[in-house]
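**Student:** I have a structure I would like to understand better, so I am pasting it below and will then ask my questions one at a time.
Every number here is computed from the coordinates shown, using simple stated rules; none is lab data. Since we're looking at a predicted model, the values are computed, not measured. For neighbour counting, all protein chains shown are included, and Cβ atoms are generated from backbone atoms with ideal geometry for every residue, glycine included.
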Amino acid sequence: MREQEYVRSLFAQEDEVLKSIAPGLDERGMPQISVPPEVGKTLYLLASLSGAKRVLEIGALGGYSTIWLARALPADGQVVSLELKEEHAAFARENVAKAGLADRVTIMVGDATESLATLVDKQEKFDFFFLDADKPNYPHYLEQAITLASPGAVIAADNLFQNGRIFDESYQGPSPVTIRRFNRQLAEDPRLESIILTIGDGLGVCRVKK
């Protein structure tokens, strides 16, 4: 798509660390589901513009979006990334270290629902959230993010177009069905001000009104 390539060439150039993640995922037999460069740059800008110091990411995979987010933070900022699989977390840590950001990133391994419950119990607060994990749990992740949000926090969520499946009601699998409902919630929830950006596979952006 020419618009996508144009934007990438001008605004979302990858350095060697970011470029190395896709082939590294292939070598390890891991899925190629990192965000595209223009979404990474958008996350970077959103986190930077919001003045975020504490970021919670749900879904690390190889650390691609983690690096974009960590680079947006001040020196004393912190990204906490929740990742289900230890092998993914290990690769993400490797890439974060290559990027010189190990002191800004903590990866919690395990079921995200349990990790979120732990963070809620500790009364942690975050300024920015990025949801990019199992889609059927997006509504739950959103509720937990709102609970953990500092006033005015930003919540971003990826894959809200489901590669076009949300537009075709014949797709009744768990992910498109849940994401249709999730998108409606973003539009109607009185606690949020929201929009879906038509980049990548649909990037939801919300501000928590509290």
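**Student:** Using helices alone, what [θ] at 222 nm do you get for the chain, with -39,500 (n - 2.57) per DSSP H run of 4 or more residues, divided over all residues and rounded to the nearest 500?
**Tutor:** Result for the chain: -13500 deg cm²/dmol, rounded to the nearest 500.
**Student:** In the Gaussian network model of the chain, springs joining C-alpha atoms below 10 Å, which of ASN163, ASN137, ASN183 carries the largest mean-square fluctuation?
**Tutor:** Comparing ASN163, ASN137, ASN183 in a Gaussian network model of the chain, the most mobile one is ASN163.
**Student:** As a test of understanding, state the convex hull volume per residue of region 154-207 from its alpha carbons, in Å³.
**Tutor:** 67
**Student:** Shifting gears a bit: Where Rh denotes the Kirkwood radius from the mean inverse Cα pair distance, what is Rg over Rh for region 1-135?
**Tutor:** With Rg and the Kirkwood Rh in hand, the quotient comes to 0.96.
**Student:** Related question: Give me log10 I(q)/I(0) at q = 0.18, 0.19 Å⁻¹ for region 59-210, Debye formula, one equal scatterer per alpha-carbon, no solvent.
**Tutor:** Here the Debye-derived log intensity ratios amount to -1.15, -1.26.
**Student:** Which of the residue pairs LYS41/LYS135; LYS85/LYS210; LYS41/LYS210; LYS85/LYS209; LYS41/LYS209 have a Cα-Cα distance greater than 30 Å in the structure shown?
**Tutor:** Those over the limit are LYS85/LYS210; LYS85/LYS209.
**Student:** How would you rank 5-17, 66-78, highest first, on the average number of other Cβ atoms within 10 Å across their residues? Can you show the working numbers first?
**Tutor:** Values: 5-17: 12.8, 66-78: 20.5.
Per-residue mean Cβ counts within 10 Å order the peptides as 66-78, 5-17.
**Student:** Using the eigenvalues of the Cα gyration tensor, what equivalent ellipsoid semi-axes result for region 114-181 when each is taken as the square root of five times the eigenvalue, whole Å, largest first? If you can, show how the numbers build up before the last one.
**Tutor:** Numbers: eigenvalues 144, 30, 12 Å².
Working through the eigenvalues yields semi-axes of 27, 12, 8 Å.
**Student:** Using only the Cα atoms, what convex hull volume per residue in Å³ does region 14-70 have?
**Tutor:** 74
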